[in-house]
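Heads up, the thing below is written out as structure tokens.
The values are calculated or read from the model by the stated rules, or taken from the named source; none is laboratory data. Everything numeric here is computed off the predicted structure, so don't read it as measured data. When we count neighbours, we look across all protein chains shown, and the Cβ atoms used for this are built from the backbone with ideal geometry, even at glycine. Ligands, DNA and RNA are stripped out before the accessible areas are found, and what is left, the full protein with its side chains, is counted by its heavy atoms. Shrake-Rupley method; radii C 1.70, N 1.55, O 1.52, S 1.80 Å.
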Amino acid sequence: MHPILAAPLLKTLRGQLIVSVQADEGSPLREVSIIVALSRAALAGGASGLRLRGGEDIRGVRARLEAEGRNVPIIGLTKNSHPNTEVYITATPDEVREVAQAGADVVAFDGTDLPRPFTVAELVRATHAAGAMAMADISTLEEAQAAYTAGADIVGTTMSGYTPHSPKQAGPDFALMDALRAEGLPFIAEGRLNTPELAAEALRRGAHAAVVGSAITRPDHVTRWFAEAVRGA
């Protein structure tokens, strides 16, 4: 086992499903009470961790779980636009602190080499100073290597397909997963794992854990998949 994976929290997530429970602005699901309910439903279905957006959602879910006597790992992040950069996932130390103080065990942030207001190393330091683990969302092998050099605790394949220099494809980036495994770099698989078979394949490709979001917690997105297929027929 890679030394990084000896951390107790990461050990509890080994081989497990993490469910991303997020709702876009304007979605009917964009209410804390609904995010809490979806999170509880995901856990009831067998999820071992959650990935949540924004301090309000994190606090709401954490409070409900604590009231139920449950300590569930939460990966937290923010999504905000900033001037002169395309980086929008937890782009600043202030956002790192917001997420950590709300109750996230792990802070996820953009770990790509896009032009950015703060370096990956600065975000890692802010995360550790806030008492959380640092997860860099990357899109290439080189970005993963750089993130670990900067002190990240784990990387996720989240950003593959969302940077100009990563492949645009309908399915998961298994080539990236294979490359990470070949280099001995631990990773959490995320991105277009929209069937149980794809999530399982990510684990077979060496992922420490798999994050699934839209296919489980965004019925508006899933409905759109079906509606477009039906119209196309």
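Among DSSP beta bridges lying fully in the chain, give the percent that are antiparallel, nearest 5. Before the final figure, lay out the partial values.
On the way: 2 of 29 bridges.
Percent antiparallel among DSSP bridges in the chain is about 5.
May I ask you to derive the relative contact order of the chain, considering only C-alpha pairs under 8 Å and at least 6 residues apart, and to give it as an integer percent? Spell out each step's value before the answer.
On the way: 441 pairs, mean separation 41.3, N = 233.
The value is 18 percent.
For the chain, what does -39500 (n - 2.57) per DSSP helix run (n ≥ 4), summed and divided by total residues, give at 222 nm, in deg cm²/dmol to the nearest 500? Let's see the in-between values first.
Numbers: 10 runs with 96 residues, N = 233.
Helix-only estimate at 222 nm: -12000 deg cm²/dmol.
Take every Cα pair under 8 Å whose residues are at least 6 apart in sequence, average their separation, divide by the length of the stretch 51-123, and the relative contact order is 33 percent.
For the stretch 62-170, the share of DSSP beta bridges that are antiparallel, to the nearest 5, is 15%.
Tell me the Kirkwood radius of the chain: reciprocal of the mean inverse pair distance over distinct alpha-carbon atoms, in Å. Can you show the working numbers first?
Numbers: mean 1/r = 0.0563 Å⁻¹.
About 17.7 Å for the chain.
Centre-to-centre, using Cα atoms only, the stretch 80-144 and the stretch 1-51 are separated by 18 Å. In terms of the mean number of neighbouring beta-carbon atoms within 10 Å, the peptides 33-40, 156-163 order highest first as 156-163, 33-40. I want the local charge near residue 171. Using Cβ-Cβ distances under 15 Å, sum +1 for each Lys or Arg and -1 for each Asp or Glu among the other residues. That works out to -1.
When you count, for each residue, the other Cβ atoms within 10 Å and take the mean per peptide, how do 108-117, 217-226 rank with the highest first? Please list the in-between numbers first.
Values: 108-117: 22.4, 217-226: 14.1.
The most tightly packed comes first, giving 108-117, 217-226.
About the centre of its Cα atoms, the stretch 96-167 shows a dipole size close to 140 debye [charges on the beta carbon of Lys, Arg (+1) and Asp, Glu (-1) only; nearest 20 debye].
Please tell me the relative contact order of the stretch 1-118 in percent, rounded to the nearest whole number, where contacts are Cα pairs under 8 Å and at least six residues apart. Each step should come with its number before you reach the end.
Numbers: 172 pairs, mean separation 24.7, N = 118.
Worked out over the stretch 1-118, it gives 21 percent.
Ordering 2, 208 from largest to smallest accessible area (1.4 angstrom probe), what's the sequence? Intermediate values should be presented prior to the final figure.
Details: 2 65, 208 10 Å².
The most accessible residue leads, giving 2, 208.
Mean-square fluctuations from a GNM of the chain, with a 10 angstrom spring cutoff on Cα atoms, peak among 193, 43, 52 at 43.
Where the accessible area of the chain is counted over protein heavy atoms with a 1.4 Å probe, how much of it, in %, is carbon and sulfur? Don't skip to the answer; put the middle values down first.
Numbers: 5680 of 10520 Å².
In the chain, the share of accessible area belonging to carbon and sulfur is 54 percent.
Taking the square roots of five times each eigenvalue of the Cα gyration tensor of the stretch 95-208, the equivalent ellipsoid has semi-axes of 24, 15, 13 Å, listed largest first.
In a simple Cβ point-charge model (Lys, Arg +1; Asp, Glu -1; nothing else charged), the stretch 175-221 has a dipole of about 40 debye relative to its Cα centre. Applying 1/(1 + (r/R0)^6) with R0 = 22 Å to the Cβ-Cβ distance of residue 183 and residue 129 gives a FRET efficiency near 0.20. Farthest towards the positive end of the charge dipole of the stretch 62-112, among the residues 99, 89, 71, is the Cα of 71, using unit charges on the Cβ of Lys, Arg, Asp and Glu.
Inter-label distance, residue 11 to residue 233: 4.9 nm, where each label sits 7 Å from its Cα along the C-beta direction. Projecting label points 7 angstrom from Cα along Cα→Cβ for residue 222 and residue 170 puts them 1.9 nm apart.
Each other residue within a Cβ distance under 12 Å of residue 19 adds +1 if Lys or Arg and -1 if Asp or Glu, for a net charge of +2. Dipole orientation for the stretch 1-153: of the candidates 126, 16, 146, 16 has the Cα lying most toward the positive pole (charges on Cβ; Lys, Arg +1; Asp, Glu -1). In this Cβ point-charge picture (+1 for Lys and Arg, -1 for Asp and Glu), the chain has a dipole of about 580 debye about its Cα centre. Would you mind counting up the charge near residue 113? Only other residues with Cβ under 14 Å from its Cβ, with Lys and Arg at +1 and Asp and Glu at -1. Result for the local shell: -4. Based on protein heavy atoms only, the stretch 1-145 ends up with 44 Å² per residue of surface accessible to a 1.4 Å probe.
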